[in-house]
Amino acid sequence: MRFWLRNEEMALEEMVQRLNAVCRHTDEIMHRDITPLCAADIQDQLKKRFAYLSGGRGQDGSPVITFPDYPAFGDVPDKEFQNVMTYLTSIPSLQDAGIGFILVIDRRQDKWTSVKASILRIAASFPANLQLVLVLRPTGFFQRTLSDLAFKFNRDDFKMKVPVIMLSSVPELHGYIDKSQLTEDLGGTLDYCHSRWLYHRTAIESFALMVKQTAQMLQSFGTELAETELPNDVQSTSSVLCEHTEKKDRAKEDMRLALDEGQSILENIREPLAKSGEQSLNQDQLDNQTTVQRLLAQLSETEAAFDEFWAKHQQKLQQCLQLRHFEQDFREDKASLDTLAQKIATFTDVGNSLAHAEHLLKDLASFEEKSSASVERARALSLEGEKLIDSKHYAVDSIRPKCHELQHLCDQFAAEVERRRGLLSKSLELHGLLEASMRWCDEGIYLLASQPVDKCQSQDGAEAALQEIEKFLETGAENKIQELNKIYQDYESILTKDLMEHVQKVFQKQEGMEEMFHRRQASLKKLAAKQTRPVQPVAPRPEALTKSPCPSPGSRRGSENSSEGSALRRGPYRRAKSEMSESRQGRSSSTGDEEGSLAVLRRHVMNELLDTERVYVEELLCVLEGYAAELDNPLMAHLVSPGLQNKKDVLFGNMEEIYHFHNRIFLRELEDYAGCPELVGRCFLERMEEFQIYEKYCQNKPRSESLWRQCSDCPFFQECQRKLDHKLSLDSYLLKPVQRITKYQLLLKEMLKYSKSCEGAEDLQEALSSILGILKAVNDSMHLIAITGYDGNLSDLGKLLMQGSFSVWTDHKKGHTKVKDLARFKPMQRHLFLHEKAVLFCKKREENGEGYEKAPSYSYKQSLNMAAVGITENVKGDVRKFEIWYNAREEVYIVQAPSPEIKAAWVSEIRKVLTSQLQACREASQHRVLEQSQSLPLPAPPSTSPSKGSTRNIKKLEERKTDPLSLEGYVSSTSLPKPPEKGRASPTSPDKKAKRHEVKSDPTPFGLRGWSKTSQPSEAPEDNDGWSSAEELINSSDAEEEGRVGARKLVPGKYTVVTGDEKESPDALAVRSGDVVEVVHEGDEGLWYVRNLTSSKESWVPASSLSTLLSTSGSAQCLSSSESSAGSTLLSTSSSCSESCGAPLSDLQG
């Protein structure tokens, strides 16, 4: 690396030297080392044209300087005259200037005194060598005569070392200087334009300055690049490389512009040649052309020097970037290999059976396959490092040890995998020996058990059995364990304590079996040696062989049954178990492959969940910092419209609360489940309460949307969007929380689909249900906040359970006389809101607008207290209708649902509300009775034997009566209630599992779940499906106590059976739910003997299963309040309710 840095320093020095030479050569070309004057400095003086360099040459190549007729020549200041002379004499080459200049002084229109003054001034101030001075004297006779005389007598006054020749005419001048070297005003043909000459000189000198400045700029830039300290990370190195490349590109652009400028000047100088091929350039123009070409050459040299330096500097930065990438990949791959090493270190189990060992080998192979990507990546990185070394990278000393370390870790991991594979192979081999030994023992025991005792009593039978045993013992050489110590020695590396005990037990079993064979062999040899007296054989019962199947050998470790009885139990099932075991192993192999693919799919879903969660958190932070925080920025205050002032909470809602929950809590907990995706449902369940914050955000969304629509054109939003470089406007990001909460249920569905057989499947299902419940609650709350006209507080009505649109007819009754207050042939369209304490009837009104402003509103019409509500599940003529009645049917509302499923969901939910109210009332009643029982003597326990029925059925009846949590009461004296139909949950049965969040079915917008159909009897009485929870409490404590502990008193009359007698008789059931019966006489323990008026059959039924028939209208109602307990409620049910619920709700205490 030091050598490389030294090379870079040398490259910089070389470039600096070359660029210094360029600057020096540029000064030499422009004669800056002799005369620092520039045309731009004395441009105004040169424009006076009292002297000019036309480009003409004398016969020996002397430059010609012409002093044209300039009347104000005497008024030119000396400083200006000196500057012009100095500049003009510096333009020709040093060679031409060394010959000497020829001065042509044109004074034809002047006086002798002016001629004399001009000659004297030139002689005194001319800064270069003079060869000849030619003076065109005045053309007037007097002035010419005067000049001749004065010049002869005053020659010494001029003090000039060169001859001064006075010429009378232009033709005489042509004798000294060729006409082609003189301008037109002197009778020559030389093309000269003073303004063009001045432009060329200015442009050339400006270009020369540009070349010099470019060289100096590249010199300082190169020094800056070379002194830049190399960063230590990839991102910074990339930034430095990009920054330097941009600067290089700008420098190259400056050089390109300078080259273009030089070419343009060169073309301008050659312009006369381009216009006419006959014209030629004068010597000064040729000198200008040469000067520009030399300057262009210096500029090319500058570019070449910089390009060479940049190539080395760029190589340095690129190698630095390669090194940083290599180091970053090295850290990642090393961490990955360290993780693999830790995981392979956990593979310590050698298996406790043959199948287990095979499974561990498969796991090891699967782990090796999964880790192969990391290992190959590390090996590829090592090869990449070797390539960097071969390419003479400057950081060889840093790269080579890392390559060796990666190679070592890969080899170490591969060796450990091979070692583990060798141990598991040994374990597989040992378990194969043990399994073979156990199979051999099982076959031997089966052989002993299958030899018939009666046939062995004869000599031939004994010999045949003896041969069979000897033949079987010969197979032991291949199957049995020969030497226990050799097993210990050969498999010492894998023998754990448990495995050693297993080997010992197998060996003991083998020895026990061999001992059994030896005893049988000895007995058979005796029988075969002599004919014994015949005895009556008693063969074992064949069914004894098949009574107790024995588990497979692999799962019977620790069994020490070595007797013949054990063999008899085990024998007949050996082949069947072996075949079943083989088939199970085949299935387990395919199942393992399928589980592996499911695990991959679960990881994909988990990765998507984590990736989208991180993006979601970043987007929330971007909105909060880029928009919400900027609203409080004083520098942005002038862009905020008045409508946005103090409206941050309206626009963004509780987005900050949502961000903190996801960033600080939920995302981190999700990352903890990255290794076990199937358990991620627990993460959702643990944080389900926090997800309620989305309900607040969605409730505020209409206000936020309205504010956005009013202020979307505000410059503040446009400026924030520009700073953030967002392609979408703010409203798209304000929708992100709504989109995110709906995304979770899709991801959970996917995860559940691939985790049905996993440990966390139940948690996933519960989390999915809970998320759907939150979505329903959010949707319901959006409808709830749209209710207008309600005077009270909606929160006082309890939790909103369901909401939906229905067709409603009203039918009000007073007493037994039906009075239709509002006869409606057309239904009213009402939107119902079912709360825990009331049901609200509203009229839906559609609003005009866009987005959330188009959401409907609901005008409040009326509400019904659930404490006085009852329902009739079925209405004739339409399976979608049901009744909601109020105050004992004084007000009846016939409700038609959009579908039978929605009707079933509403009926079920209303029934649950009524049941929960009834249960609460019962518990309050029990509490009061308990308080009174502490001060009253306990009543004598009732008899345990009813007049009819068996003791066993009465015990079941008593268990139901005494169960305080049971909502069934007496159902039958002989049997349990029928289970509820599929798809309909009993409102009185408790949930099997307590959920963290109860999720109701939601008709809108996420669809209906769980209610696929409902029971519809062919002939259901119109008024006989009622459910109610109207409380009629009794103030008398005596009546309370009687209702609590005493039996129901016999009241003559007709009754309706609420729960039928399900006791089977030889012909048919005596009574069914809904039958009308007549009481014959009263029995013990609350049993009544009744006659069925429909079938004329008689039976004993519990008094609690009967409901008094109050009228002939067909409506079966509950017992009156005086006959029920203090906590009882007025409740009746038809046959359909009884079948769906399986229990009467009229007497829940029993």
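The values are calculated or read from the model by the stated rules, or taken from the named source; none is laboratory data. Bear in mind the structure is a predicted one, so any value in this text is a computation, not a measurement. So basically every Cβ, Gly included, is an ideal-geometry build from the backbone, and we count neighbours across all protein chains shown. Quick note on the areas: whole protein, heavy atoms, side chains included, nothing else; ligands and nucleic acids left out. Shrake-Rupley method; radii C 1.70, N 1.55, O 1.52, S 1.80 Å.
Sort out which residues of the stretch 305-325 are open to solvent by 60 Å² or more (accessible area, probe 1.4 Å) and within 34 Å of the chain's Cα centre (by Cα), and write them in order of number.
318, 322, 325, listed by residue number.
Applying the selection to the stretch 674-692, what residues are open to solvent by 20 Å² or more (accessible area, probe 1.4 Å), assigned to a loop (DSSP other than H, G, I, E, B) and aliphatic (A, V, I, L, M)?
Matches in the stretch 674-692: 674 only.
Select from the stretch 159-173 the residues that are open to solvent by 50 Å² or more (accessible area, probe 1.4 Å) and at pLDDT 85 or above and list them in ascending order. Even if it seems obvious, please write down each step before you answer.
Step one: of the stretch 159-173, the residues open to solvent by 50 Å² or more (accessible area, probe 1.4 Å) are 159, 161, 163, 171-172.
Hits for the stretch 159-173 are 171, 172.
Right, residue 436: without any contact (Cβ under 8 Å) to a residue 60 or more places away in the chain and of a type in the set (A, V, I, L, M) or not?
Spelling it out, residue 436 is indeed without any contact (Cβ under 8 Å) to a residue 60 or more places away in the chain and of a type in the set (A, V, I, L, M).
Of all residues in the stretch 884-914 being part of a strand (DSSP E or B) and of a type in the set (Val, Ile, Thr), which is most open to solvent (accessible area, probe 1.4 Å)? Full working, then the answer.
Our first condition is that a residue be part of a strand (DSSP E or B); within the stretch 884-914, this holds for 884-886, 891-896.
Next cut, of a type in the set (Val, Ile, Thr) only: 884, 892, 894-895.
Working: 884: 3, 892: 2, 894: 34, 895: 0 Å².
Going through the qualifying residues, I end up with 894.
Conditions tested, residue by residue: (1) open to solvent by less than 60 Å² (accessible area, probe 1.4 Å); (2) part of a helix (DSSP H, G or I).
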residue	(1), (2)
728	no, no
752	yes, yes
770	yes, yes
791	no, no
795	no, yes
805	yes, no
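If residue 757 passes every condition in (1) part of a helix (DSSP H, G or I); (2) surrounded by fewer than 19 Cβ atoms within 10 Å (Cβ to Cβ); (3) in contact with a helix residue (DSSP H, G or I) (Cβ under 8 Å, 6 or more places away or on another chain) but one, which one does it miss?
Exception for residue 757: condition (1).
Here's the yes/no breakdown for (1) part of a helix (DSSP H, G or I); (2) modelled with pLDDT of 85 or more; (3) in contact with a strand residue (DSSP E or B) (Cβ under 8 Å, 6 or more places away or on another chain):
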| residue | (1), (2), (3) |
| --- | --- |
| 279 | no, no, no |
| 285 | yes, no, yes |
| 293 | yes, yes, no |
| 304 | yes, yes, no |
| 309 | yes, no, no |
| 314 | yes, no, no |
| 317 | yes, no, no |
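Could you tell me whether the stretch 335-351 includes any residue that is in contact with a Phe, Trp or Tyr (Cβ under 8 Å, 6 or more places away or on another chain), in contact (Cβ under 8 Å) with a residue 24 or more places away in the chain and of a type in the set (D, E, K, R)? Quick ask: steps written out before the conclusion?
Step one: list which residues in the stretch 335-351 are in contact with a Phe, Trp or Tyr (Cβ under 8 Å, 6 or more places away or on another chain), which gives 337, 340-341, 343-344, 347.
Within this subset, residues satisfying the condition of being in contact (Cβ under 8 Å) with a residue 24 or more places away in the chain are 337, 340-341, 343-344, 347.
Filter once more, so that each one left must be of a type in the set (D, E, K, R): 343.
Yes.
Taking the condition more than 21 Å from residue 676 (Cα to Cα) and crowded, with 21+ Cβ neighbours inside 10 Å, does residue 778 pass?
yes
Of everything in the stretch 734-750 that's open to solvent by 30 Å² or more (accessible area, probe 1.4 Å) and of a type outside the set (Lys, Arg), which residue is farthest from residue 658 (Cα to Cα)?
Only one residue fits best here, namely 750.
Looking at 671, 656, 595, can you tell me which residue is closer than 30 Å to residue 364 by Cβ, more than 19 Å from the chain's Cα centre (by Cα) and open to solvent by 50 Å² or more (accessible area, probe 1.4 Å)? Give the derivation first.
Numbers: 671 fails: more than 19 Å from the chain's Cα centre (by Cα); 656 fails: closer than 30 Å to residue 364 by Cβ.
Step by step, each of 671, 656, 595 is checked, and only 595 is closer than 30 Å to residue 364 by Cβ, more than 19 Å from the chain's Cα centre (by Cα) and open to solvent by 50 Å² or more (accessible area, probe 1.4 Å).
Would you be able to say whether some residue in the stretch 418-441 is over 30 Å from residue 360 (Cβ atoms) and buried (at least 19 other Cβ atoms within 10 Å of the Cβ)?
No; the residues of the stretch 418-441 include none that is over 30 Å from residue 360 (Cβ atoms) and buried (at least 19 other Cβ atoms within 10 Å of the Cβ).
Say we look at the stretch 382-400 and pick out the residues that are open to solvent by 60 Å² or more (accessible area, probe 1.4 Å) and part of a helix (DSSP H, G or I); which of these is farthest from residue 343 (Cα to Cα)?
Step one: of the stretch 382-400, the residues open to solvent by 60 Å² or more (accessible area, probe 1.4 Å) are 383-384, 386-387, 390-392, 397, 400.
The next check asks that each one be part of a helix (DSSP H, G or I); those that pass are 383-384, 386-387, 390, 397, 400.
Values: 383: 25, 384: 27, 386: 29, 387: 31, 390: 35, 397: 32, 400: 28 Å.
Only one residue tops the list, namely 390.
Tell me, please, whether a residue that is open to solvent by less than 80 Å² (accessible area, probe 1.4 Å) and farther than 12 Å from residue 317 by Cα can be found in the stretch 235-247.
Within the stretch 235-247, the subset open to solvent by less than 80 Å² (accessible area, probe 1.4 Å) is 236-242, 244-245, 247.
Restricting the remaining residues to those that are farther than 12 Å from residue 317 by Cα gives 247.
The answer is yes; a qualifying residue exists.
Do we have residue 379 as at pLDDT 90 or above and either touching a helix residue (DSSP H, G or I) at 6+ places or on another chain (Cβ under 9 Å) or in a loop (DSSP other than H, G, I, E, B) (or both) here?
Yes, satisfied.
Looking only at residues that are touching a residue at least 24 places away in the same chain (Cβ under 8 Å) and assigned to a loop (DSSP other than H, G, I, E, B) in the stretch 854-883, which one is surrounded by the most Cβ atoms within 10 Å (Cβ to Cβ)?
It comes out as 873.
Tally up the residues in the stretch 609-643 that are of a type in the set (Val, Ile, Thr), under 21 Å from residue 714 (Cβ atoms) and in a helix (DSSP H, G or I), please.
The total comes to 1.
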